[in-house]
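The values are calculated or read from the model by the stated rules, or taken from the named source; none is laboratory data. Predicted model only: the values in this text are computed from it and were never measured. Here the Cβ positions follow ideal geometry from the backbone for every residue, glycine too, while neighbour counts run over all protein chains shown. The accessibility values were calculated without ligands, DNA or RNA, using every heavy atom of the protein model including side chains. Shrake-Rupley method; radii C 1.70, N 1.55, O 1.52, S 1.80 Å.
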Amino acid sequence: MKKIFISGAGGYIGSNLASYLSKRKYHLFCLTTKRKYKLKNTKWIFGKMNSNCSKFLKQSDLLVHCAATGVYKKESKENLNKVNYKDSISFLKNAYACGCKNWIILGSSFEYGFVKNRPISAKKTKVKPIDDYGRSKVRLFKAIQKLKFLKSCKILYLRTFHVYGGNEPKTRLYPSLTSAIKNKKFFKMTKGEELRDFIHIDSAVKKIHLSFKKFNNKNFFHVKHLATGKKMKVKDFAKKIHKIHMSNTKL
């Protein structure tokens, strides 16, 4: 596993993963619709999933499919289904046709719907999405399961939970809180009783990298969680971050 294709390499998880793998001397093919940034051993492909990527997929040992829309911003139902389902399944079929049959696909905890329906173990997977984003990801998941050539592939489907840390979109909890602490401003939030499984971006990309070892085995289709396995109330997470930064500001 030396040549890795990353879709959505300009996104939050994709960009952090690309940086991590580049430092470990992997050769990367990075598909992005956003700005490119300097990385060693990296070929940038500026385009979308329906762009002609066949040349690079044919050279790739492993595809890490991070591309998605609607994760951090509101999108129409039509665009969610187009990008997360239709374009993604077409892209994966093309990868197979190009001989790239080792895939890591990033799903979402939103496929489970409410927090209480999100199990720590992926063995008893019951998807009950309650929003259009979650439903679009479930459509992709179910479509992958129905692929006729599935038995000749190695597929790891990772449902990501609440990833936080460096370069996270500014509107989310962690960057908003750390910004308030840095600027010594009052930070107002909800009661924070909701349960979440928070995983730092550094831990997330390390877990993805460690999963490369699974591709030495025979063909498989596994569903796993990209998470810590520990639930925490949002207010307790905020207090934890507040304490780490030793802030005198009020939460």
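The residues of region 27-36 that are closer than 17 Å to HIS65 by Cβ and either surrounded by 15 or more Cβ atoms within 10 Å (Cβ to Cβ) or acidic (Asp, Glu) (or both), listed by number, are LEU28, PHE29, CYS30, LEU31, THR32, THR33. Residues of region 128-142 that are without any contact (Cβ under 8 Å) to a residue 60 or more places away in the chain and closer than 15 Å to TYR72 by Cβ: ASP131, GLY134. Pairs meeting the criteria (first residue in region 222-237 and touching a residue at least 40 places away in the same chain (Cβ under 8 Å), second residue surrounded by fewer than 16 Cβ atoms within 10 Å (Cβ to Cβ) and part of a helix (DSSP H, G or I), beta carbons under 6 Å, at least 6 apart or on different chains) are lacking.
Meeting the requirement of 1 or more residues that are under 17 Å from the mean Cα position of the chain (by Cα), the strands (runs of 3 or more DSSP E) wholly within region 1-119 are 3-7, 27-32, 62-65, 102-108.
Note on region 37-75: residues that are touching a residue at least 24 places away in the same chain (Cβ under 8 Å), hydroxyl-bearing (Ser, Thr, Tyr) and surrounded by fewer than 17 Cβ atoms within 10 Å (Cβ to Cβ) total 2.
Every listed requirement among (1) within 27 Å of PRO169 (Cα to Cα); (2) surrounded by fewer than 21 Cβ atoms within 10 Å (Cβ to Cβ) is met by ALA97 save one, (1).
Considering only region 134-172, state which residues are open to solvent by 50 Å² or more (accessible area, probe 1.4 Å) and either in a helix (DSSP H, G or I) or not β-branched (Val, Ile, Thr) (or both). Explain how you work it out, then say what you get.
Let us first name the residues in region 134-172 that are open to solvent by 50 Å² or more (accessible area, probe 1.4 Å), namely 135, 139, 142, 145-146, 148, 151, 167, 170-172.
Within region 134-172, ARG135, ARG139, LYS142, GLN145, LYS146, LYS148, LYS151, ASN167, LYS170, ARG172 meet the criteria.
So, PHE187, is that one more than 22 Å from VAL127 (Cα to Cα) and either open to solvent by less than 60 Å² (accessible area, probe 1.4 Å) or not in a loop (DSSP other than H, G, I, E, B) (or both) or not?
Criteria met by PHE187.
If I ask for residues that are open to solvent by 50 Å² or more (accessible area, probe 1.4 Å) and either of a type in the set (Gly, Ala, Ser) or within 21 Å of SER19 (Cα to Cα) (or both), which ones from region 190-233 would you list? Of everything in region 190-233, those that are open to solvent by 50 Å² or more (accessible area, probe 1.4 Å) and either of a type in the set (Gly, Ala, Ser) or within 21 Å of SER19 (Cα to Cα) (or both) turn out to be HIS200, ASP202, SER203, LYS206, LYS207, LEU210, LYS213. If you go through region 153-162 and keep only what is more than 11 Å from PHE221 (Cβ to Cβ) and not hydrophobic (A, V, I, L, M, F, W, C), you end up with ARG159, THR160, HIS162.
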